[in-house]
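Undergrad: Questions regarding the structure given below will be posed in turn.
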Amino acid sequence: MEKIQWLKLYHYKEQLGNLVDKYEVRHFVESKIGASYLNPIIGIYNSVEDIDFENLPNQFVIKGTHGSGYNCIVNDKSKVNQNKLEHKLASFLKANYFNENREYIYKNVAPRLLVEEYISEFDSSQLIDYKFYTVHGVPKYVLVKVIENGKDKKCFYDLNWNKIYPDVISSDFLQTDISRPSNFNEMLEVVKKLSSDFIFVRVDLYSLQHKIIFGELTFFPTAGVKRFKIECFNKELGDTITLPL
């Protein structure tokens, strides 16, 4: 946690904002692993007024490019209150994610709205989010996150797909066993390529119908202010991070 705070304050700075910009990072991903791992987009917009909602498909996803949690999933446009949606999107554009936790990498990211193609799993309990923790380009563990009975549940697996239990079982621990993805080896290769330039980064992926889709790069999970519930991870991963002189 302390080393992630150091990286947040002194290493991953404003000049790397393209890596957390939901649109600009696509160029980085394409250069590293190819465009086939990217979810197709419909458009990128500087303001709500620029979006022609009439010409959008019946299903789509809108993301604020400049932070985390700025998401709207539309699975039936005919049932959406457009005024409320536009108000919510406008609130996204007014926010500076840097102010949340002083993550300088976000400070100068231009607020825009990215419209992506809708994938049915994004709006269902079938979606599994695979979050790979990497140190110096080496995957260490994968956090698996799902929605179970309407609540977020998660657990860690090692790279041999053994579930790792926390010291204390909390209410958000995923008791259900998740099968190892059939394309797990490919996922590892993707993660290695995307993380090769960084001291620490979490690479988030989806595997939908055996196809890998890039999610995002996360440099400061929980903004670096929460310890792992698996206590041994705090020292194990911390010891493997070598900070620059």
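Undergrad: Could you tell me the calculated FRET efficiency between A95 and I73, based on Cβ-Cβ distance and R0 = 25 angstrom, to the nearest 0.05?
TA: On the way: r = 19 Å, r/R0 = 0.74.
Taking R0 as 25 Å, the efficiency between A95 and I73 is 0.85.
Undergrad: Using the alpha-carbon atoms, what tilt in degrees (0 to 90, nearest 10) does helix 184-195 show relative to the longest principal axis of the chain?
TA: For helix 184-195, the angle is close to 80 degrees.
Undergrad: At 7 Å along Cα-to-Cβ for each site, give me the label-to-label distance between F53 and E231 in nm.
TA: The answer from the label model is 5.2 nm.
Undergrad: For N162 and L188, compute 0.36 nm times the residue count separating them, minus their Cα-Cα distance, and round to one decimal in nm.
TA: Numbers: separation 26, 0.36 × 26 = 9.36 nm, distance 1.55 nm.
Extending this stretch completely gives an extra 7.8 nm.
Undergrad: Then there's this: Quick one: pull the percent of accessible area on segment 186-245 belonging to carbon and sulfur, 1.4 Å probe, ligands and nucleic acids left out. The partial results should precede the final answer.
TA: Values: 1620 of 2890 Å².
C and S atoms contribute 56 percent here.
Undergrad: By how many nm would the segment from D177 to N108 grow when fully extended, if each residue of separation counts as 0.36 nm and the alpha-carbon distance is taken off? Show your work: numbers first, answer last.
TA: Numbers: separation 69, 0.36 × 69 = 24.84 nm, distance 4.07 nm.
Stretched fully, the D177-N108 segment lengthens by 20.8 nm.
Undergrad: Helix 82-94 versus the longest principal axis of the chain: what angle, 0 to 90°, nearest 10, using Cα atoms?
TA: Between helix and principal axis, roughly 50 degrees.
Undergrad: Round to the nearest 0.05 the FRET efficiency obtained for S196 and D129 when R0 = 22 Å and r is the Cβ-Cβ distance. Show your work: numbers first, answer last.
TA: Numbers: r = 22 Å, r/R0 = 1.00.
About 0.50, to the nearest 0.05.
Undergrad: Pairs on different chains or at least eight residues apart, Cα atoms closer than 18 Å: how many lysine pairs in segment 162-245 fit?
TA: Values: K163/K229; K192/K211; K193/K211; K226/K235.
Step by step, the pairs that qualify in segment 162-245 add up to 4.
Undergrad: Still on this structure, I have one more. For the residue pair E24 and E2, what label-to-label distance in nm results when each label sits 7 Å from Cα along the Cα-to-beta-carbon direction?
TA: 3.2
Undergrad: Could you identify which residue out of L114, L205, L56 has the top mean-square fluctuation in a GNM of the chain using Cα springs shorter than 10 Å?
TA: With Cα springs under 10 Å in the chain, the top fluctuation among L114, L205, L56 is at L56.
Undergrad: Something else about it: Could you give the accessible area per residue of the chain, probe 1.4 Å, as a whole number in Å²? Present the calculation step by step, with values, prior to reporting the outcome.
TA: Working: 12610 Å² over 245 residues.
Solvent-accessible surface per residue comes out at 51 Å².
Undergrad: While we're on this one: Dipole magnitude of the chain about its Cα centre, charges +1 at Lys/Arg Cβ and -1 at Asp/Glu Cβ only, in debye to the nearest 20?
TA: Numbers: 31 positive and 32 negative charges, 110 e Å.
That gives the chain a dipole magnitude of about 540 debye.
Undergrad: Name the residue farthest towards the positive end of the dipole of the chain from the options L56, N96, N83, assuming +1 on Cβ of Lys and Arg, -1 on Cβ of Asp and Glu, about the Cα centre.
TA: About the Cα centre, the residue reaching furthest to the positive side is N96.
The values are calculated or read from the model by the stated rules, or taken from the named source; none is laboratory data. Just so you know, these numbers come straight off a predicted model, no measurement behind them. Cβ coordinates were reconstructed from backbone atoms using ideal geometry, including for glycine residues, and neighbour counts include every protein chain displayed. Accessible surface areas use protein heavy atoms only, side chains included; no ligands, DNA or RNA. Shrake-Rupley method; radii C 1.70, N 1.55, O 1.52, S 1.80 Å.
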